[in-house]
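Peer 1: Take a look at the following structure, please.
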Amino acid sequence: MKKFFVAVTMSLAAVAASAQVIEDFKPAVTNQQGKQYPMVNSQGVVRAQLLAPDAHSVKLDIGGVKYELTKDENGLWTGDSAPQDVGFHYYQLNVDGASVPDPGSLYYYGASRWGSGIDIPAPDQDFYTIKNVPQGKVSEVYYYSSVSGSMRHCYIYTPAEYDQNPKKKYPVLYLQHGMGENEHGWAEQGHTGIIMDNLIAEGKAVPFIICMDNGLDVYGPNNPRPAPQPRPQAGAAPQGQRPQGGQQARPQQGGPRLASAGAFEQILLKDIIPMVEKNYRVLADSKHRALAGLSMGGMQTRAITLANPTVFSWVGMFSGGAISKEDVAESKGFKENNKLVFISYGSRELENPRGTDPRVTTAELGQTGMNTAFYVSEGTAHEWQSWRRSLYQFAQKVFK
């Protein structure tokens, strides 16, 4: 997800002055094996450390806020952030003006780059914690796209029972990421496989397959990339885009009614769904097909399902707009075919909604007789904890 913000720099002294830091730091679960830093304490404060004797300045950058690190006599730089929201955040180190990954962190794709990520412990993290339950598989799959004229890559989750029941067929959820991310997002940052394994083991979700593809990598010989558009002015976000990684977002309807999702819509309909239905044991009808996504992926979900009302019966939009009764009225067959419209946001995203409040829009849609659900992730913004929780809730409702 692209971010538009004014960078802020905070010194260690300023952080310390704002809150007394508790010295109960532990290595982050997202660290490379054997690495002690970065660390996180019970307040959600991140402590970073970097050995850089020749550097003149080192900063920790989380969500566009930069925290100054201090250097000791051995050239070891150390510093703390302010308390962070629970869940996953992209971050980087800034060394003498150059932004670089932290050598202690595992690397994740987000903010349109491979870089560092850190998970802040959450009170409800049990639902995405690996447990001794039957384990499904998250497989890497390569396939040819007739639309782009190129090879593509996706992740596919199959439940633990898939290999033990060779005659059983399964529903499928097509699950999309946000702007600046790719197919790795739901498989890694989102913990999709872990969430599903735990839900299925607890009997809270029916077993189903999940396909996680790249909604941005849609160009190739058969589908040339369009000419670049003028860059927005500094500080201004293009219509429909929202910041990510802890940046507050204001929900809005977003996009013209029945707007096209572009080349990805064609790749989904002509390549991805046929590939899944050819190679996996699936129930190949709309009643057993769901489409969901976060942020940009939610906007794509809205556009695709309204434009193709008899292809999917289950719709999930996480921090990605809403579907109005007017939208449905213009999409012939949507109401009759749809079994659920699920909308979710982080509570902080709803503090200052832009335009019509999505809660109102969803309630009005429900009053027309459609099955709707609105979920609010308490205490989170436009970030992965909101979307992990959203998938957890959505997965318990689909295909039932």
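Peer 1: Out of all the residues in the stretch 366-374, is one or more within 26 Å of Thr129 (Cβ to Cβ), of a type outside the set (Asp, Glu) and assigned to a strand (DSSP E or B)?
Peer 2: The answer is yes, given that some residue of the stretch 366-374 is within 26 Å of Thr129 (Cβ to Cβ), of a type outside the set (Asp, Glu) and assigned to a strand (DSSP E or B).
Peer 1: Of the residues Asp126, Asp102, which is over 27 Å from Leu291 (Cβ atoms), open to solvent by 30 Å² or more (accessible area, probe 1.4 Å) and not in a strand (DSSP E or B)?
Peer 2: From the options Asp126, Asp102, the qualifying one is Asp126.
Peer 1: I'm trying to understand the selection: among the residues of the stretch 198-218, which are within 10 Å of Ile267 (Cβ to Cβ) and open to solvent by 60 Å² or more (accessible area, probe 1.4 Å)?
Peer 2: Asp217
Peer 1: Given the condition touching a residue at least 60 places away in the same chain (Cβ under 8 Å), surrounded by fewer than 19 Cβ atoms within 10 Å (Cβ to Cβ) and more than 12 Å from Val315 (Cα to Cα), answer yes or no: does some residue in the stretch 378-394 qualify?
Peer 2: Yes: the stretch 378-394 contains one or more residues that are touching a residue at least 60 places away in the same chain (Cβ under 8 Å), surrounded by fewer than 19 Cβ atoms within 10 Å (Cβ to Cβ) and more than 12 Å from Val315 (Cα to Cα).
Peer 1: If the Cβ limit is 8 Å and pairs must be 6+ apart or interchain, which residue in the stretch 75-87 that is touching a residue at least 12 places away in the same chain (Cβ under 8 Å) and aliphatic (A, V, I, L, M) pairs with which residue that is surrounded by fewer than 18 Cβ atoms within 10 Å (Cβ to Cβ) and in a strand (DSSP E or B)?
Peer 2: Leu76/Leu51
Peer 1: For the stretch 88-99, name all the residues that are closer than 20 Å to Lys35 by Cα and either surrounded by 23 or more Cβ atoms within 10 Å (Cβ to Cβ) or of a type in the set (S, T, N, Q) (or both).
Peer 2: Scanning the stretch 88-99 gives Phe88, His89, Tyr90, Tyr91, Gln92, Leu93, Asn94.
Peer 1: I'm trying to understand the selection: among the residues of the stretch 5-33, which are open to solvent by 70 Å² or more (accessible area, probe 1.4 Å) and either over 21 Å from Val100 (Cβ atoms) or at pLDDT 55 or above (or both)?
Peer 2: Within the stretch 5-33, Val6, Ala13, Ala17, Ser18, Gln20, Ile22, Glu23, Lys26, Val29, Gln33 meet the criteria.
Peer 1: Restricting the search to the stretch 66-77, which residues are outside any loop (DSSP other than H, G, I, E, B), over 14 Å from Gly97 (Cα atoms), open to solvent by 40 Å² or more (accessible area, probe 1.4 Å) and not polar (S, T, N, Q)?
Peer 2: Once the filter is applied, which keeps residues that are outside any loop (DSSP other than H, G, I, E, B), over 14 Å from Gly97 (Cα atoms), open to solvent by 40 Å² or more (accessible area, probe 1.4 Å) and not polar (S, T, N, Q), the stretch 66-77 yields Lys71, Leu76.
Peer 1: Out of everything in the stretch 310-339 that is open to solvent by 10 Å² or more (accessible area, probe 1.4 Å) and of a type in the set (Asp, Glu), what residue ends up being nearest to Pro171 (Cα to Cα)?
Peer 2: If we take residues in the stretch 310-339 being open to solvent by 10 Å² or more (accessible area, probe 1.4 Å) and of a type in the set (Asp, Glu), then Glu336 is nearest to Pro171 (Cα to Cα).
The values are calculated or read from the model by the stated rules, or taken from the named source; none is laboratory data. Not measured: the values here are computed from a predicted model. Don't worry about glycine lacking a Cβ; one is built from the backbone with ideal geometry, like all the others, and counts go over all protein chains shown. SASA here: full protein model, heavy atoms, side chains in, ligands and nucleic acids out. Shrake-Rupley method; radii C 1.70, N 1.55, O 1.52, S 1.80 Å.
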